[in-house]
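Encoded as structure tokens, the structure appears first; notes follow it.
The values are calculated or read from the model by the stated rules, or taken from the named source; none is laboratory data. Since the model is a prediction, treat every value here as computed from it, not as a measurement. Here the Cβ positions follow ideal geometry from the backbone for every residue, glycine too, while neighbour counts run over all protein chains shown. Heavy atoms of the whole protein, side chains included, go into the accessibility calculation; ligands, DNA and RNA do not. Shrake-Rupley method; radii C 1.70, N 1.55, O 1.52, S 1.80 Å.
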Amino acid sequence: MTVSISPLKLSVFRGEADRGEMVAYSVPVREGMVVLDAVLWAQANLAPDLAVRWNCKAAKCGSCAAEVNGFPRLLCKSPVDDYAGEISVRPMAAFPLIRDLVTDVSWNYEVNKRIPEFTPPEADQHDPEPWRMQQVDVDRVIEFRKCIECFLCQDVCHVLRNHGRTDAYFGPRFMVRMASLEMHPKDGLDRRPLLKGDAGVGFCNITKCCQEVCPEHIHITDNAIIPLKERTADAYFDPIRALTRRLGRRSAG
Ligand code: SF4
Ligand code: SF4
Ligand code: FES
């Protein structure tokens, strides 16, 4: 007896920012299929002009980020078996739409440029000996290096997505990057003024939505944002430090 699997009902957003609609495609299902396979089948067989961005199909390049049934996901890491009934695929809502499933994420690269790079103290820069790090310090920062820059966390963050405050908050991906630098034992810069100011760490209200969607399972809120908030609070709201800063300013003036 042959078992026939009904075709998948795939609904994909088609269009540009000011006009668009969901278009339904019927896609044959095969074993191990992920949502990206279904979208690419539709592109190859039914809609050759369907725009979708992807590269690795291995959940490592971050380019296939979109929203599947309303949740931010990597299309190549979303098995169709995980969804019952119709699957709808839409572009990330937090970024300007270029066309179909492709968004303009270039704002993120501009933000990245505003974060001072890894800078060891002067003495370490000229130290001919290999640097040594304690394992505990390696363990603290290594998870941050797993980021694949899919920007799904940026997409789900309500500060950026619902309130559009790209002017005020760098977003969770860049809290992760700043944490990786601030917690690096060989970095000599103090990025807390940037965190409190332009990076806007205070805008995060620790909802943890970013952490829930991260395909690399980075503990964005617990291990990056909360410690950064604590460091910033220590520097700016600790009364003894505040007094020392005030006295320092007075004697300099
Ligand atoms: S925890 Fe903070 S950064 Fe993450 S989604 Fe919520 S507000 Fe945004
Ligand atoms: S922190 Fe996670 S969700 Fe955010 S960009 Fe990196 S990999 Fe993607
Ligand atoms: S295609 Fe590279 S992460 Fe999906």
(request) State the percentage of accessible surface on the chain attributable to carbon and sulfur atoms; use a 1.4 Å probe and exclude ligands, DNA and RNA. (result) 52 percent
(request) Treating the Cα atoms of region 60-133 as identical point scatterers in vacuum, please give the log10 of the normalised Debye intensity I(q)/I(0) at q = 0.13, 0.15, 0.19, 0.20 Å⁻¹, two decimals. (result) -0.60, -0.67, -0.85, -0.90
(message) If I measure Cβ to Cβ between cysteines in the chain, which ones have no partner under 4.7 Å?
(response) C64, C76, C147, C150, C157, C204, C209, C214
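By per-residue mean of other Cβ atoms within 10 Å, what is the highest-first order of 119-126, 189-196?
Details: 119-126: 11.4, 189-196: 17.8.
Listed from highest to lowest mean packing, they are 189-196, 119-126.
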(request) Provide Rg and Dmax in Å for region 106-252, with only Cα atoms included in the calculation. (result) 16.4, 50
(message) Please report Rg (one decimal) and Dmax (integer) in Å for the Cα set of the chain.
(response) 22.4, 90
(message) Per residue of region 205-219, what does 6.51 cos²θ - 1.76 cosθ + 1.60 with θ = phi - 60° give for ³J(HN,Hα)? Whole Hz please, x for Gly and Pro, Karplus curve as stated.
(response) 10, 6, 6, 6, 4, 4, 4, 5, 9, 5, x, 8, 6, 6, 7
(message) Distance between the C-alpha centers of region 119-151 and region 40-97? Whole Å please.
(response) 34 Å
(message) Using 29 Å as the Cα-Cα cut-off, could you pick out the over-long pairs in K146/K229; K77/K196; K9/K208?
(response) K77/K196; K9/K208
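Taking region 1-65, which trypsin sites (Lys or Arg not before Pro) meet the DSSP loop condition and have no more than 13 other C-beta atoms within 10 Å? Before the final figure, lay out the partial values.
Working: sites: K9, R14, R19, R30, R53, K57, K60; in loops: R30, R53, K57, K60.
Answer by residue number: R30.
Rolling a 1.4 Å sphere over the protein heavy atoms, what is the accessible area per residue of the chain, to the nearest Å²?
Details: 14010 Å² over 253 residues.
I get 55 Å² per residue for this part.
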(request) Order the following by accessible area, largest value first: F170, F71, F13. Probe radius 1.4 Å; ligands, DNA and RNA are ignored. (result) F71, F13, F170
(request) Please turn the phi angles of region 30-38 into ³J(HN,Hα) values with the Karplus equation 6.51 cos²θ - 1.76 cosθ + 1.60 (θ = phi - 60°), one per residue in order, whole Hz, x for glycine and proline. (result) 10, 4, x, 5, 10, 4, 4, 4, 5
(request) Let me see the pair-distance distribution of region 11-97: every alpha carbon pair, 5 Å bin width, integer percents in order. (result) 3, 14, 27, 28, 20, 7, 1, 0
(request) Given the peptides 34-47, 129-142, 99-112, arrange them by the average over their residues of other C-beta atoms within 10 Å, most packed first. (result) 34-47, 99-112, 129-142
